[in-house]
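Since the structure comes first, as structure tokens, the remarks are kept for the end.
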Amino acid sequence: MEQIWTEIDARLSANKGPFEGMNASYSFDLAGEDGGMYGLKFADGEAETFRGDPGEVDCALKMSVTDFKKLLGGNLNSTAAFMMGKLKVKGNIGLALKLENLLKQYTFQ
């Protein structure tokens, strides 16, 4: 997971256009091997990633490491995952949908 979050950080730093004007914070509680708590914050045209509990966030997502990798790769629809119980969301559900659309603008393996 460390490599994945390093890649997320690099991609967001290299292309800030998709999240321009976005002010939101996310936490990811990822279950499974290499799982743990991670965070992502968008503010003032910058993106910041966190390892560990990011504290109070606008949208908290809970899923397996496997499903998180599928989401990054564009192979998991967040709405379908939510309906099937593979994704749990606390806070602003609209921000979860916004995150999926944002991630689609980046290429992750």
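The values are calculated or read from the model by the stated rules, or taken from the named source; none is laboratory data. Being a predicted model, the structure only gives us computed values, none of them experimental. Glycine gets a Cβ as well: all are built from the backbone with ideal geometry, and neighbour counts include every protein chain shown. The protein model used for the area step is the full one, side chains on, heavy atoms only, and it has no ligands, DNA or RNA in it. Shrake-Rupley method; radii C 1.70, N 1.55, O 1.52, S 1.80 Å.
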Per the charge dipole of segment 49-93 (beta-carbon charges, Lys/Arg positive, Asp/Glu negative, Cα centre), the residue among Thr49, Ala81, Ile93 reaching farthest to the positive end is Ala81
Over 24 Å (Cα to Cα) among Lys16/Lys88; Lys41/Lys88; Lys16/Lys86 -> Lys16/Lys88; Lys16/Lys86
Expressed as a whole percentage, what fraction of the accessible surface of the chain belongs to carbon and sulfur atoms when a 1.4 Å probe is rolled over the protein heavy atoms?
48 percent
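Only sites in a loop by DSSP and with at most 14 other Cβ atoms within 10 Å count here; which trypsin sites (Lys or Arg not before Pro) in segment 26-109 make the cut?
Working: sites: Lys41, Arg51, Lys62, Lys69, Lys70, Lys86, Lys88, Lys90, Lys98, Lys104; in loops: Lys86, Lys104.
Loop-located and lightly packed - Lys104.
Excluding ligands, DNA and RNA, what is the solvent-accessible area per residue of the chain at a probe of 1.4 Å, expressed in Å²?
Values: 6050 Å² over 109 residues.
Per residue, the chain has an accessible area of 56 Å².
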Pick out, in residue order, every one of the GluC sites (Glu not before Pro) in segment 17-99 that is DSSP loop and has at most 14 other C-beta atoms within 10 Å; say none if there are none.
Glu20, Glu33, Glu56
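Of all beta bridges DSSP finds with both residues in the chain, what is the antiparallel percent, to the nearest 5? Mind dumping the intermediate values first?
On the way: 17 of 23 bridges.
In the chain, DSSP labels about 75 percent of beta bridges as antiparallel.
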Using alpha carbon centroids, what distance separates segment 70-86 and segment 1-44, in Å?
17 Å
Could you give the nm distance between label points at Glu33 and Asn101, where each point is 7 Å from its Cα heading toward the beta carbon?
3.6 nm
